[in-house]
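Encoded as structure tokens, the structure appears first; notes follow it.
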Amino acid sequence: MLFSQTSFSQNKEDYYLKKAGYTKTVITTKTDSISFLTSISNSILPKATILFIQGSNPLPIIFYDDKSVNSAIPFDVKPYLEKFNFVIIARKGIPLIGSYERDSKGYTTEKGNIPDDYIKNDNLNYRVNQVTTVIDNLFKNNSVKKDSLFVVGHSEGYRVAAKVAANNTKISKLVCMSADPFNRITEYILRERVQCFKNNDDSESQIKIDKLTSEYKNIEKDSKEFKDDIDFTNWASYNRTLSYESFKKFKNPILIIYGTNDIGSAHNDLLPFLLPKKNIKIKAYPDYGHNFEKQEFDLNKKETESTYHWDEVFKDIKAWLLQSQ
């Protein structure tokens, strides 16, 4: 039996949710409780809906300080609220609300520990089930246009979004940003290979690369031996699945976005060769990093503070989402 409930009690959590412009929904099943936020809408008509899947780290999804309250969605949603609903799912075991000062680098308990609930569920299988459950819930919601349910994943969220989308006919379009289209191991191999070019230490690097390759090949065998090891289970979940294989199963359009200064995303250049017949668009942003940051320099070529370009990137995403298929 599955049901959902929306909380409207006047407490501190509701205060920050309202300030940020979101409502909370809790989906309760026999084995789990999933919380997600939806942007407040003044429209009585159904709208296109963007489910944003954030990356790794035990972060709240609403942050506040003495000046502002914002969601963890990294681009400004306000210009798009008339056109879209925005949805973001809480990480298991992490409070919805956190302060920038205390929690922006990751939530921990008063004893300085990451909550056990987060650690036990910090794996691809759980996150995929979590997102799929929310999509099923959204599809029943009258505020959601059934032909315009979009999934946008960033970093670890790329891998989650890809796996969720495989064979999922409820997702109209898929956007994956800033991750390797194979798995984490291939990202580490690429990083090691690039480093060996810089350091001219091919022999040492090859030993590390061979070890990484062996770890991938032995995942299924090692999974039996380490079946009770939570860290191994979480690691294996993100490495046994190759994201581009999930893309093969998704029938609708796909947009892949990454910055050229993010080495962990460089293998996306290969997707047109891996998936030559797929309806897939690749957009790379020169000089941008993992979070679409760009290193800036002053007139004397001294490094200054990086600039961030999430709003530019999402403007392009929005234009692609609204293109007719």
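Are any residues in the stretch 101-131 crowded, with 16+ Cβ neighbours inside 10 Å and at pLDDT below 95, and if so, which ones?
Selection gives nothing.
Matching residues to (1) of a type in the set (A, V, I, L, M); (2) part of a strand (DSSP E or B); (3) in contact with a Phe, Trp or Tyr (Cβ under 8 Å, 6 or more places away or on another chain); (4) open to solvent by 10 Å² or more (accessible area, probe 1.4 Å):
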| residue | (1), (2), (3), (4) |
| --- | --- |
| 149 | yes, yes, yes, no |
| 169 | no, no, no, yes |
| 182 | no, no, yes, yes |
| 188 | no, no, no, yes |
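For residue 319, work out the one condition from (1) touching a helix residue (DSSP H, G or I) at 6+ places or on another chain (Cβ under 6 Å); (2) part of a helix (DSSP H, G or I); (3) not acidic (Asp, Glu) it doesn't fulfil.
The number of the failed condition is (1).
Taking the stretch 39-68 only, how many residues are open to solvent by less than 30 Å² (accessible area, probe 1.4 Å), of a type outside the set (A, V, I, L, M, F, W, C) and either assigned to a loop (DSSP other than H, G, I, E, B) or free of Cβ contacts under 8 Å to residues at least 60 places away in the same chain (or both)?
5
Okay, residues lined up against (1) within 16 Å of the chain's Cα centre (by Cα); (2) hydrophobic (A, V, I, L, M, F, W, C):
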{"site": "13", "(1), (2)": "no, no"}
{"site": "32", "(1), (2)": "no, no"}
{"site": "36", "(1), (2)": "yes, yes"}
{"site": "44", "(1), (2)": "no, yes"}
{"site": "57", "(1), (2)": "yes, no"}
{"site": "66", "(1), (2)": "no, no"}
{"site": "105", "(1), (2)": "no, no"}
{"site": "108", "(1), (2)": "no, no"}
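Only residues that are at pLDDT 95 or above and charged (D, E, K, R): list them for the stretch 252-295, please.
Residues satisfying the conditions are 262, 269, 281, 283, 287, 293, 294.
Can you tell me which of 227, 198 is more than 22 Å from residue 273 (Cβ to Cβ), of a type in the set (Lys, Arg), modelled with pLDDT under 95 and not in a helix (DSSP H, G or I)?
Selected residue: 227, the only one of 227, 198 that is more than 22 Å from residue 273 (Cβ to Cβ), of a type in the set (Lys, Arg), modelled with pLDDT under 95 and not in a helix (DSSP H, G or I).
Of the numbered conditions (1) open to solvent by less than 40 Å² (accessible area, probe 1.4 Å); (2) more than 26 Å from residue 177 (Cα to Cα), residue 198 satisfies every one except a single condition; which is it?
So residue 198 meets the others, but not (1).
Return yes or no: is residue 134 out of contact with any Ser or Thr (no Cβ under 9 Å at 6 or more places or on another chain), in contact (Cβ under 8 Å) with a residue 40 or more places away in the chain, under 30 Å from residue 252 (Cα atoms) and surrounded by 14 or more Cβ atoms within 10 Å (Cβ to Cβ)?
Judged against the criteria, residue 134 is not a match.
In the set 105, 111, 163, which member is farther than 22 Å from residue 322 by Cα and either in a helix (DSSP H, G or I) or among the aliphatic types (A, V, I, L, M) (or both)?
163
Residue 97: touching a residue at least 60 places away in the same chain (Cβ under 8 Å), of a type outside the set (S, T, N, Q) and within 22 Å of residue 323 (Cα to Cα), yes or no? If you could, list the steps in order and put the result at the bottom.
On the way: touching a residue at least 60 places away in the same chain (Cβ under 8 Å): yes; of a type outside the set (S, T, N, Q): yes; within 22 Å of residue 323 (Cα to Cα): no.
No.
Could you tell me whether the stretch 264-275 includes any residue that is farther than 27 Å from residue 169 by Cα and among the aliphatic types (A, V, I, L, M)?
Looking for residues that are farther than 27 Å from residue 169 by Cα and among the aliphatic types (A, V, I, L, M), one finds at least one in the stretch 264-275, hence yes.
The values are calculated or read from the model by the stated rules, or taken from the named source; none is laboratory data. Bear in mind that the values here come from a model prediction, so they are computed numbers and not experimental data. When we count neighbours, we look across all protein chains shown, and the Cβ atoms used for this are built from the backbone with ideal geometry, even at glycine. Side chains included, ligands, DNA and RNA excluded: accessible areas come from the protein's heavy atoms. Shrake-Rupley method; radii C 1.70, N 1.55, O 1.52, S 1.80 Å.
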